[in-house]
Amino acid sequence: MGMTMTQKILAAHAGLDTVEAGQLVLVNVDRVLGNDITSPVAIKEFQRIGAKTVFDKDKVTMVMDHFAPNKDIKAAVQCKMCRDFCNEHDVTHFYDVGRMGIEHALLPEKGLVVPGDVVIGADSHTCTYGAIGAFSTGVGSTDMACGMATGKAWFKVPSAIKFVLKGKLNKYVSGKDVILHIIGKIGVDGALYKSMEFVGEGVQALTVYDRLTIANMAIEAGAKNGIFEVDEQTAAYVKERSDRAFVAYKADDDAVYDETYEIDLSTIRSTVAFPHLPENTKTFEEIGDVKIDQVVIGSCTNGHYKDIEEAAMILKGKKVAKNVRAIIIPATQDIYLKAMENGLLKIFIEAGCVVSTPTCGPCLGGYMGILAAGERAVATTNRNFVGRMGDVKSEVYLASPAVAAASAIAGRIADPMEVLK
């Protein structure tokens, strides 16, 4: 019986010829990731189990991104614990204020993940790196601690769902609309502990950044991971950032899938997820007059340069609506610098936006854009659960950067085609 992409990667890292869905395997990991929220818990567990040093100082990564720059004393203590640990163990890839970015945008940018890798991270959106053909998934802080100590992790091999993509996206439609469309179709538990595997000629029509967004939100369908076939675009992206050799895995022709979906990208329209689940999706034919108070454009899902640039082109020469707060968060320092050099920050500020240092901030209700009771936000983030960005009586609407920018101008959830006509 053939294997899927994910199963092949797990088999290779477990030293096995084959694996099958449901099998328990112990695999060697290529990277262990934590942030300023999850790493302190892992550090305490690392110390509790008596570990003396990390398994490989080059393969452990900590990124201070959630509440950094520190929003309060507790956040400062957490970052200090991570800083001290990484100094003690000479961890190569520690990213602090001034060097950091939002972790799931930063690692691909720095070339720290390549196709065929196994990556575990104490953050649920670690599944992002499947965009470049890696098996990556979120784990608990205890698993992160064991991973830092041993370089290994246990997995139950997931079964898979195959998504065959064809066609090309229309103007102002992006990877965010694709994954919201899929989650709206299969539900937030539609891929529970499964691998979402994306193949087909339509993959080539998606940028690497579209794929990063799609893989990032695989967890919002309950998936263990999302993964794309490696193509020339992937290889070029990786080789520009890393000199590591990599293996591009393809599923066998006789690989077994629980389900197969065919998706024509040309039929997907701008999609918005209404409160309070990513599966509660609507297109503009179904959306009425929904007034908003805030727009957030950024996050590990949509803070890439492509996203920031698209938002800027829509906002150029226009103004954010009265009584709407528009917050722009480039995902990394490099993206921030490129946006500055290319004049995007000027466009945002002249439109009435505020531009933040890279941070997860408002996405998880941390800071830099918390909502009060009764307020509504359109956000390019990945979750819209009750209280996700502030008060439990606030509302979060998930959308693409294009829809978010158009909504900032209109003061309501708006179709970019309508705003720009």
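The values are calculated or read from the model by the stated rules, or taken from the named source; none is laboratory data. Source: prediction; values computed, not measured. So basically every Cβ, Gly included, is an ideal-geometry build from the backbone, and we count neighbours across all protein chains shown. Only protein heavy atoms, including side chains, enter the accessible area calculation; ligands, DNA and RNA are left aside. Shrake-Rupley method; radii C 1.70, N 1.55, O 1.52, S 1.80 Å.
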- [ ] Within 10 Å, count the other beta carbons around each residue, average over each peptide in 320-331, 47-58, and list them highest first.
- [x] 320-331, 47-58
TODO: Can you bin the stretch 281-418 into rounded, prolate or oblate? Criterion: square roots of the alpha carbon gyration tensor eigenvalues sorted a ≥ b ≥ c, rounded for a/c under 1.5, prolate for a/b above b/c, oblate for the rest.
DONE: oblate
Task: Heavy-atom accessible area per residue - the chain, 1.4 Å, Å² - done: 38
Open item on the list: Using the Cα centre of the stretch 30-112 as the reference point, and only Cβ charges (+1 on K/R, -1 on D/E), how large is the resulting charge dipole? Debye, rounded to the nearest 20.
Closed with: 200
Task: the stretch 179-200-the stretch 362-418 distance, computed between alpha-carbon centres (Å) - done: 23
Open item on the list: So if I take the centroid of the Cα atoms in the stretch 216-243 and the same for the stretch 61-139, what is the distance between those two points in Å?
Closed with: 17
Open item on the list: Give me Rg/Rg_expected for the chain, where Rg uses Cα atoms only and Rg_expected = 2.2 N^0.38 Å with N residues.
Closed with: 0.94
TODO: Could you point to the residue in Tyr209, Phe274, Ala248 farthest towards the positive end of the stretch 162-312's charge dipole, with +1 and -1 charges on the Cβ of Lys/Arg and Asp/Glu respectively?
DONE: Tyr209
Task: DSSP H segments from the chain that extend 18 Å or more along their own axis, Cα-based, with Kyte-Doolittle mean of -1.0 or above - done: 73-88
Open item on the list: Given the DSSP H assignment, sum -39500 (n - 2.57) over each helix run of at least 4 residues in the chain and divide by its residue total; what's the result at 222 nm in deg cm²/dmol, nearest 500?
Closed with: -9000 deg cm²/dmol
Task: Cα shape, the stretch 1-121, gyration tensor, a/c 1.5 rule - done: prolate
- [ ] Measure off, as a whole percent, the carbon and sulfur share of the 1.4 Å-probe accessible area of the chain, all protein chains present.
- [x] 50
TODO: State to the nearest 20 debye the size of the charge dipole of the chain about its Cα centre, where the only charges are +1 on K and R beta carbons and -1 on D and E beta carbons.
DONE: 1100
Open item on the list: Straight-line reach only, C-alpha to C-alpha below 24 angstrom: list the lysines that Lys250 could link to, leaving out same-chain residues fewer than 8 apart.
Closed with: Lys8, Lys152, Lys156, Lys162, Lys166, Lys168, Lys194, Lys224, Lys239
Task: Gain on full stretching of the segment that runs from Ala236 to Leu26 - 0.36 nm per residue minus C-alpha separation - done: 72.5 nm
Open item on the list: Placing unit charges on C-beta atoms (Lys and Arg positive, Asp and Glu negative, everything else neutral), compute the dipole magnitude of the stretch 241-297 about its Cα centre in debye, rounded to 20.
Closed with: 480
Task: Sequence ranges 26-32, 385-391, 262-268, ranked by mean other-Cβ count within 10 angstrom, highest first - done: 26-32, 385-391, 262-268
